[in-house]
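Quick note: the coordinates plus some simple rules give every number you see, no bench work behind them. Predicted, not measured: the structure shown is a model, and the values here were computed from it. Ideal geometry is used to build each Cβ from the backbone, glycine not excepted, and the neighbour counts take in all protein chains shown.
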Amino acid sequence: MESIIQMTGINKYYQVGEEKLHALRDVALTVERGEFLAILGPSGSGKSTLMNIIGCMDSTDTGSYLLDGAEINKMKDDQLTRVRNEKIGFIFQKYQLIPKYSVMQNICMPLLIRGRSQREAEELCAETIRLLGLGERVRHKPSELSGGQQQRVAIARALVGEPSILLADEPTGALDSNTGREVLELFVKLNELGNTIVMITHDEKVARYAHRVVRIVDGELMAG
Ligand SMILES: Nc1ncnc2c1ncn2[C@@H]1O[C@H](COP(=O)(O)OP(=O)(O)O)[C@@H](O)[C@H]1O
Ligand SMILES: [Mg+2]
């Protein structure tokens, strides 16, 4: 199998006043192409810290992080911006859609950033929009949609750039349990279609949808 993520010896510290907080302790993590992995841990265990590092939004203090074979820790900011746009499809608890833009404009965003025209982007997004059942809503604003629909828009936006991984942080945290289940079933389907998924959660029931679970406790990773 082919590794998308290969992390070894990752440590991360935060300076809090006089104290140094050890947020990630010697983390090693490998994710193969096509996996659906959940990272499960309680509040304060280091999940967001790890997500920020996986998503190339924050740097580590030690260790090596290969994403699709490229050493992330050696990259400069402009390279990291590009890697984020091309390799990672972010899905957040609160969707993080742009309120003043239509559903279509939100979904097209990763392609517009890459320099596609609006028309090209809309063509490239058409199949994803159909797959996620958003066809009727594309001219609406996010605020006119339910939470579940908004999360589907965010998932469509994450998918259209054909990223190496979908990286989801508590993707059902803002949804009622039925809608949350629908989103998780959608993840299962997207994984069956070949998408690699890394999902971060504090909820055992959510983690069960993944095929592999690793736990994080006090900044340390351990097998599920
Ligand atoms: N920017 C920061 N500055 C200082 N401490 C932080 C910062 N971000 C997180 N922490 C601390 O690092 C630990 C892990 O936090 P976090 O990664 O947010 O955990 P989780 O997402 O699992 O709740 C916590 O003790 C938290 O207080
Ligand atoms: Mg968090």
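Compared with the dominant Cα axis of the chain, that is its longest principal axis, helix 103-113 is turned about 60°. Angle of helix 77-87 to the longest C-alpha principal axis of the chain, folded into 0 to 90 degrees and rounded to 10: 60°.
Helical content of the chain, expressed as a calculated mean residue ellipticity at 222 nm, amounts to -10500 deg cm²/dmol (DSSP H runs of 4 or more residues, -39,500 (n - 2.57) each, divided by residue number, nearest 500). If you take all other residues with their beta carbon under 15 Å from the beta carbon of Thr196, and give Lys and Arg +1 and Asp and Glu -1, the sum is -3. Principal-axis analysis of the Cα atoms of the chain puts helix 118-131 at an angle of about 80° to the longest axis.
Give the shape of segment 34-101 as rounded, prolate or oblate, defined through the alpha-carbon gyration tensor: a ≥ b ≥ c are the square roots of its eigenvalues, a/c under 1.5 means rounded, and otherwise the shape is prolate if a/b is larger than b/c and oblate if not. The shape class here is oblate.
Summing charges over all other residues whose Cβ lies under 13 Å from the Cβ of Lys12, with Lys and Arg as +1 and Asp and Glu as -1, gives -2. Beta bridges from DSSP with both residues in segment 135-224: antiparallel share about 50 percent, rounded to the nearest 5.
In terms of its C-alpha gyration tensor, segment 117-197 has an oblate overall shape, because the principal axis ratio a/c (a ≥ b ≥ c, square roots of the eigenvalues) is not below 1.5 and a/b does not outweigh b/c. To the nearest µm²/s, what D does Stokes-Einstein give for the chain at 10 °C and 1.306 mPa s, using the Kirkwood radius over alpha carbon pairs as Rh? For the chosen part, D equals 88 µm²/s.
Calculation over all alpha carbon pairs of segment 89-157 in 10 angstrom steps from 0 returns a P(r) of 23, 59, 17, 0 percent. Between Glu192 and Asn73, the simple label model (points 7 Å from Cα in the Cβ direction) yields a spacing of 4.0 nm.
DSSP assigns beta bridges within segment 2-132; of those with both partners inside it, close to 100 percent run antiparallel. Sorting 212-219, 126-133, 47-54, 15-22 by their mean Cβ neighbour count within 10 Å, with the most densely packed peptide first, gives 47-54, 212-219, 126-133, 15-22.
In this rough spin-label picture, where each label sits 7 Å from Cα along the Cβ direction, the Tyr13-Arg114 distance is 4.0 nm.
By DSSP, the beta bridges lying fully in the chain are antiparallel in about 55 percent of cases. Could you tell me whether segment 43-175 comes out rounded, prolate or oblate from its Cα gyration tensor? Rule is a ≥ b ≥ c as square roots of the eigenvalues, rounded for a/c under 1.5, then prolate if a/b exceeds b/c, otherwise oblate. It is oblate, given that a/c is not under 1.5 and a/b is not larger than b/c.
Site pair Lys20 and His202 shows an inter-label distance of 2.8 nm when each label is modelled 7 Å from Cα along Cα→Cβ.
The calculated FRET efficiency for the pair Glu136 and Lys94, based on their C-beta separation and a Förster distance of 30 Å, comes to about 0.80.
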